[in-house]
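A.B. asks: What follows is a single structure, and I will ask about it in a moment.
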Amino acid sequence: MSWVKDGSAVKANYLGTVVSGLVLESRVKYGGKVQYTVELDQPVQFRWRTDTTSRVLVDENDLIEELEAV
């Protein structure tokens, strides 16, 4: 399985909230860890922000599963 998941649908744990969405970009961070930019299916509201969030950065170790493309 490749670390590049551009265009893949994923489910991930983002700061204790399970989110799902489409991977827009895969990158290797300084230090060698992989990170994904995910456009969420449904925007989420976090208590420390006044606006909803529709795009998040998720580390590879926080991915729960890669979903089937619809």
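Quick note: the coordinates plus some simple rules give every number you see, no bench work behind them. None of the values given here were measured: they were computed from a predicted structure. Cβ placement follows ideal geometry from the backbone for every residue including glycine, while neighbour counts extend to all protein chains displayed.
A.B. asks: Any idea what the relative contact order of the range 9-67 is, in percent, if you count C-alpha pairs under 8 Å spaced at least 6 apart?
C.D. replies: Working: 114 pairs, mean separation 22.3, N = 59.
Once divided by the residue count of the range 9-67, the mean separation gives 38 percent.
A.B. asks: Also, quick follow-up: Can you spot the aspartates and glutamates whose alpha carbon is less than 17 Å from Lys29's alpha carbon? Ignore those fewer than 8 places along the same chain.
C.D. replies: Asp6, Asp59, Glu60, Asp62
A.B. asks: DSSP loop (so not H, G, I, E, B), at most 12 other Cβ within 10 Å: list which trypsin sites (Lys or Arg not before Pro) in the chain pass both filters. It would help to have the intermediate numbers written out before the result.
C.D. replies: Values: sites: Lys5, Lys11, Arg27, Lys29, Lys33, Arg47, Arg49, Arg55; in loops: Lys5, Lys29, Lys33, Arg47, Arg49.
Here the trypsin sites (Lys or Arg not before Pro) that fit, given the DSSP loop and packing criteria, are Lys29, Lys33, Arg47, Arg49.
A.B. asks: List every residue whose amide H lies under 5 Å from the amide H of Asp6, counting only residues 5 or more places away in sequence or on a different chain, with H placed 1.01 Å from N in the peptide plane.
C.D. replies: Answer set, sorted by chain and number: Ser26.
A.B. asks: Here's a follow-up. Tell me the net charge near Leu22. Cut-off is 11 Å between Cβ atoms, Leu22 excluded, with +1 for each Lys or Arg and -1 for each Asp or Glu.
C.D. replies: -2
A.B. asks: A further question on this structure: Which entry is the computed Cα extents along the principal axes in Å for this structure: (1) 36, 33, 17; (2) 59, 27, 20; (3) 44, 31, 17?
C.D. replies: Of the labelled values, this structure produces (1).
A.B. asks: What residues have an amide H closer than 5 Å to that of Asp41, excluding those fewer than 5 places away on the same chain, when H is modeled at 1.01 Å from N in the peptide plane?
C.D. replies: Ser20, Gly21, Leu22
A.B. asks: Note down the nm distance, to one decimal, between modelled labels 7 Å out along Cα→Cβ at Thr52 and at Thr37.
C.D. replies: Those two pseudo-labels are separated by 2.1 nm.
A.B. asks: If you add up the charges near Gly31, with Lys and Arg at +1 and Asp and Glu at -1, over every other residue whose beta carbon is less than 13 angstrom from its beta carbon, what do you get?
C.D. replies: Spelling it out: positives minus negatives among the neighbours equals +1.
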